[in-house]
Amino acid sequence: MPLLDHALHAFVIMQGFWGSPLMMIIIALGAAYLGGRVVEWIPFTRRIIERREAERGSSS
């Protein structure tokens, strides 16, 4: 149960952030940036992106 306690505490802390639109925008931008970096970092998704870029280059 200690893991659940930490998770619930994190949600309570985040509840204060969700009340402010400015913080929501900052968190959303940070999450979007990190999501983009993770997609490039994972080898499987990187191969998909490279394959799509190669198809675009050969079809134009």
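List of remarks:
- Residue in segment 46-53 that is without any contact (Cβ under 8 Å) to a residue 24 or more places away in the chain, surrounded by 10 or more Cβ atoms within 10 Å (Cβ to Cβ), part of a helix (DSSP H, G or I) and in contact with an Asp or Glu (Cβ under 7 Å, 6 or more places away or on another chain) present: yes
- For segment 23-30, the condition of being at pLDDT 80 or above, part of a helix (DSSP H, G or I), surrounded by fewer than 10 Cβ atoms within 10 Å (Cβ to Cβ) and not polar (S, T, N, Q) holds for none of the residues.
The values are calculated or read from the model by the stated rules, or taken from the named source; none is laboratory data. Everything numeric here is computed off the predicted structure, so don't read it as measured data. Positions of Cβ are generated from backbone atoms using ideal geometry, with glycine treated the same way; all protein chains shown enter the neighbour counts.
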